[in-house]
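The values are calculated or read from the model by the stated rules, or taken from the named source; none is laboratory data. Quick caveat: nothing in here was measured; it's all calculated off a predicted structure. Note that we place each Cβ from the backbone using ideal geometry, even for glycine, and neighbour counts take in every protein chain shown. For the accessible areas, the whole protein counts, side chains as well, though only heavy atoms, and no ligand, DNA or RNA atoms are used. Shrake-Rupley method; radii C 1.70, N 1.55, O 1.52, S 1.80 Å.
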Amino acid sequence: MPATTTFADKPTLLGAKVLLRPVRPEEDLPMLRVMLNDPDVLRYTSDAYTPVAPAWDEAMERRITDWYTTRNDQPDRLDLIVVDRATGRGVGEVVLNEWDEPNRACNLRIALGPDGRDRGLGTEAVRLLTDHALRALGLNRVSLSVYAFNERGRRAYEKAGFQVEGVRRQVLRWGDEWIDDIDMAALADHWT
Ligand SMILES: CC(C)(COP(=O)(O)OP(=O)(O)OC[C@H]1O[C@@H](n2cnc3c(N)ncnc32)[C@H](O)[C@@H]1OP(=O)(O)O)[C@@H](O)C(=O)NCCC(=O)NCCS
């Protein structure tokens, strides 16, 4: 394990299809606004039924701008923009958060907007950032959860090297349906 594991450094990570880099608010905010209003992102990342995007008022704009202009100052989490190398454009974000320092563990989350999906970018972004967490930062465990109705997400995580650990049943009420939440993780000693 490195002597000082820290999330304060904001690296740029290069893959074949994607580059992960720190947030550049002015450049990235237009893409992030589209991503946050996208029906798939709302469906698969909301913790409550959100069939349509909430109204985008001034307060929301301020909240989002404040959020993304402060991501690079956070010492306990790592927020990176996923850039499609084919176009040089940002298509979404991938994040390590919920750092559990004594147990060398954290959570991973990802959301890609409509321009970034279904071309293998998500799988590679998850793999790159997990590799950074387990090898460069010396963490032992990266975990995440994915709603059972998000089959694309689950498949992408499996391809990236995550394994299912369990199912929390009926976690989300989506319209008139109950949706399970699947817990997955990648561990350092199984990581290749
Ligand atoms: C989930 C997400 C990160 C995946 O990234 P992606 O770049 O779109 O996915 P990839 O192209 O890398 O891989 C998707 C895989 O799922 C498969 N897939 C797509 N739709 C599927 C479906 N309905 N059922 C089963 N598999 C499906 C694809 O065929 C592909 O697998 P393959 O390479 O074996 O053919 C991205 O789609 C996203 O951000 N979606 C919206 C928000 C979201 O779901 N975030 C995650 C919340 S846990």
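For every residue, the table says whether it meets (1) more than 15 Å from Gly90 (Cβ to Cβ); (2) among the acidic types (Asp, Glu); (3) more than 15 Å from the ligand (Cβ to nearest atom).
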{"residue": "Phe7", "(1), (2), (3)": "yes, no, yes"}
{"residue": "Thr12", "(1), (2), (3)": "no, no, yes"}
{"residue": "Leu20", "(1), (2), (3)": "no, no, no"}
{"residue": "Glu27", "(1), (2), (3)": "no, yes, yes"}
{"residue": "Met31", "(1), (2), (3)": "no, no, no"}
{"residue": "Val41", "(1), (2), (3)": "no, no, no"}
{"residue": "Tyr49", "(1), (2), (3)": "yes, no, yes"}
{"residue": "Pro54", "(1), (2), (3)": "yes, no, yes"}
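Going through Arg135, Arg152, Arg169 one at a time, which residue ends up being open to solvent by 60 Å² or more (accessible area, probe 1.4 Å), closer than 30 Å to Arg24 by Cβ and more than 15 Å from the ligand (Cβ to nearest atom)?
After ruling out the rest, the residue left standing is Arg135.
Going by the structure shown, is Val94 more than 13 Å from the ligand (Cβ to nearest atom), open to solvent by less than 70 Å² (accessible area, probe 1.4 Å), among the β-branched types (Val, Ile, Thr) and not in a loop (DSSP other than H, G, I, E, B)?
Criteria not met by Val94.
Condition first: near the ligand (Cβ under 6 Å from one of its atoms) and among the basic types (Lys, Arg). Now tell me which residues in region 106-120 satisfy that.
Arg117, Arg119
Go through the residues of region 30-53 one by one and say whether even a single one is aromatic (Phe, Trp, Tyr) and open to solvent by 80 Å² or more (accessible area, probe 1.4 Å).
Scanning region 30-53, I find at least one residue that is aromatic (Phe, Trp, Tyr) and open to solvent by 80 Å² or more (accessible area, probe 1.4 Å), so the answer is yes.
Quick check, is Leu144 over 16 Å from Ser46 (Cα atoms) and surrounded by 14 or more Cβ atoms within 10 Å (Cβ to Cβ)?
no
Could you list all residues from region 140-149 that are within 20 Å of Trp174 (Cβ to Cβ) and either assigned to a helix (DSSP H, G or I) or more than 6 Å from the ligand (Cβ to nearest atom) (or both)?
Scanning region 140-149 gives Leu144, Ser145, Tyr147, Ala148, Phe149.
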